Each structure stands twice: as C-alpha cells, then as structure tokens.
Amino acid sequence: MALEEVHSKGKIQWPGDARVAVFLSFDFQGGEDVRPDKNGKLNHEEYTQAEYGPKTGIWRILRILASHEVKATFLTCGGIAERYPEPVAAIVAQGHEVAGHGYHHEVARDLSKEEERDVIKRTTEIILSRGKKRPVGWRSCTQSPNSLELLLEQGYLWNSNSFSYDLPFIWQSGKKKLVELPRQPFGDGRTYGHRDSGNPNDTLTVWKGMFDQFYEE
Ligand SMILES: [Zn+2]
C-alpha cells in the first residue's frame with residue numbers, strides 16, 4: 001500500500017486562533033520495556049524504578065494536570081492496562097486520552113507483520129476494556145515498515161512516530177487517512193525522567209526554549 005505524505009504548508013488553524021498547539025503526551029509503560037539480563041534474571045532496581053510510574057507517578061501527574069486544567073495523552077502499553085486497571089480508568093474518567101504503545105513495549109521493527117497486527121489488536125482490546133473507550137492513536141517503540149498500514153487497517157486515526165516535522169501532517173492512501181503527530185526527542189526521557197537521569201531544570205529550559213521559538217515563528 002503506497003502512502004503519501006500530505007502537508008498543510010503552514011495553513012493549519014488552531015482552535016481560538018492560537019499561535020501554537022502543544023501536544024502533551026506521556027509514554028505510560030512502567031516496566032514493560034525492562035527485559036531480563038542475559039542470565040534470565042530481572043534487574044530489580046531497574047524494574048522497580050520503571051514501575052514507579054504506574055504505582056506512584058501517574059497519580060501525581062493526574063493531580064498536576066487537573067490543577068492546571070490541562071488535558072494530555074497517555075501512550076499506554078497493553079501490559080500496563082492489564083496490570084493497572086485503576087490508573088487507566090482514572091485517566092479516561094478525567095478526560096484525558098489513552099492511546100496505544102505496544103503490548104509489552106515490543107520493538108515494532110523486530111516483529112513480523114502478523115505479530116505486529118496481533119500486538120495492535122490485543123492492545124486495542126485491553127485498553128478498551130479498561131477505559132471503556134477505544135484507543136484511536138498509537139506510538140510504537142520504533143515503527144516498522146508495516147505499522148502505518150496496520151493502524152489504518154485497525155481503524156486508527158493518528159500515529160506519533162515521526163521526528164521529521166514540527167506540524168502534523170496526513171498519511172493518505174486512496175480515501176484512507178492517518179494523521180501523523182510528530183514528536184521531538186527532547187521530552188522522551190532525554191531531559192528528565194528516564195529512570196535516574198536528567199533534572200527538571202534542564203527540561204524547563206529546553207521546553208521553554210522550544211515554545212518561545214515556535215511562538216516567535
Ligand atoms: Zn516507550
């Protein structure tokens with residue numbers, strides 16, 4: 001299936017004529033990406049750091065978002081929805097979006113087409129069963145050449161895996177469309193929060209710098 005990129009060429013109008021739109025998204029994956037060492041043993045320290053998110057951090061994030069009346073998107077692994085039904089239901093109940101992020105944080109490019117289709121299907125089902133709302137957005141751990149086609153096939157509306165642009169664009173195949181919400185690595189655990197690295201001051205500097213630049217443009 002040939003997919004064509006369709007760009008707005010700067011002609012996007014945001015609600016309320018806002019100059020800048022901010023897409024606040026959290027990868028909600030807990031320890032789903034923590035794999036056992038070569039000897040088959042799980043690193044307890046690494047795993048429990050990762051599990052701080054679904055056990056503790058999520059409730060703080062929800063409280064902070066509520067106090068600022070900000071809505072966000074949580075890219076949630078199927079395994080997290082399976083093991084932590086309460087926070088996933090709370091995210092939806094508080095008006096945020098739950099999108100998909102693999103079942104066990106699979107590296108999508110390592111999966112066969114059949115395996116990836118199954119991962120998307122199972123993740124969609126478990127998130128739907130927890131939040132009573134079907135996910136329509138997806139972010140893979142490294143997209144595969146099949147990801148976009150499989151997402152279109154399974155009725156998804158948006159994908160968020162490209163780092164190549166500032167503004168959203170559309171993947172089009174005949175009448176089928178998938179919106180791409182580009183992301184940048186500055187929030188992806190590289191400034192703050194990837195386990196024990198980074199600090200909030202650096203994050204504020206990077207995010208504020210980006211915002212000011214986009215606002216200026
Ligand atoms: Zn992830």
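Take the stretch 3-31 and flag every residue that is assigned to a loop (DSSP other than H, G, I, E, B) and either out of contact with any helix residue (DSSP H, G or I) (no Cβ under 9 Å at 6 or more places or on another chain) or surrounded by fewer than 11 Cβ atoms within 10 Å (Cβ to Cβ) (or both).
Just the residues of the stretch 3-31 that are assigned to a loop (DSSP other than H, G, I, E, B), to begin with: 3, 7-14, 18-24, 29-31.
The answer is His7, Ser8, Lys9, Gly10, Lys11, Ile12, Gln13, Trp14, Ala18, Arg19, Phe23.
On the basis of being more than 16 Å from the ligand (Cβ to nearest atom), surrounded by 10 or more Cβ atoms within 10 Å (Cβ to Cβ) and either modelled with pLDDT of 90 or more or among the acidic types (Asp, Glu) (or both), does Val34 make the cut?
no
Restricting attention to the stretch 4-31, and to residues there that are in contact with a Lys or Arg (Cβ under 9 Å, 6 or more places away or on another chain) and closer than 29 Å to Asp166 by Cβ, which single residue is nearest to the ligand (Cβ to nearest atom)? Quick ask: steps written out before the conclusion?
Just the residues of the stretch 4-31 that are in contact with a Lys or Arg (Cβ under 9 Å, 6 or more places away or on another chain), to begin with: 6, 23-25, 27, 30.
If we keep only those that are closer than 29 Å to Asp166 by Cβ too, we end up with 6, 23-25, 27.
Numbers: Val6: 27, Phe23: 16, Leu24: 16, Ser25: 11, Asp27: 4 Å.
My answer is Asp27.
Please specify each residue of the stretch 61-87 satisfying the condition of being within 15 Å of the chain's Cα centre (by Cα), within 16 Å of the ligand (Cβ to nearest atom) and not in a helix (DSSP H, G or I).
Ala72, Thr73, Phe74, Leu75, Thr76, Cys77
Can you tell me which of Leu178, Leu157 is surrounded by 15 or more Cβ atoms within 10 Å (Cβ to Cβ) and under 24 Å from Glu115 (Cβ atoms)?
Answer to the selection: Leu178.
Which condition from (1) farther than 25 Å from Ser162 by Cβ; (2) in a helix (DSSP H, G or I); (3) within 18 Å of the chain's Cα centre (by Cα); (4) of a type outside the set (Lys, Arg) is the one that Gly95 breaks?
(2)
Against the conditions (1) within 16 Å of the ligand (Cβ to nearest atom); (2) touching a Ser or Thr at 6+ places or on another chain (Cβ under 8 Å); (3) more than 15 Å from Glu32 (Cβ to Cβ), where does Arg134 fall short? Just the number, please.
Unmet condition: (1).
(1) in contact with a helix residue (DSSP H, G or I) (Cβ under 9 Å, 6 or more places away or on another chain); (2) within 16 Å of the ligand (Cβ to nearest atom); (3) farther than 25 Å from Pro182 by Cα: which one isn't true of Ile58, the others all being true?
Condition not satisfied by Ile58: (3).
Only one of these conditions is not met by Leu151: (1) in contact with a Leu (Cβ under 7 Å, 6 or more places away or on another chain); (2) surrounded by fewer than 22 Cβ atoms within 10 Å (Cβ to Cβ); (3) part of a helix (DSSP H, G or I); (4) not hydroxyl-bearing (Ser, Thr, Tyr). Which number is it?
It fails just one condition, (2).
Looking at (1) part of a strand (DSSP E or B); (2) closer than 25 Å to Ile58 by Cβ, which is the one condition that is false for Val119?
It is condition (1) that Val119 fails.
The values are calculated or read from the model by the stated rules, or taken from the named source; none is laboratory data. Note that the structure is predicted; figures quoted are calculated from it, not measured. So basically every Cβ, Gly included, is an ideal-geometry build from the backbone, and we count neighbours across all protein chains shown.
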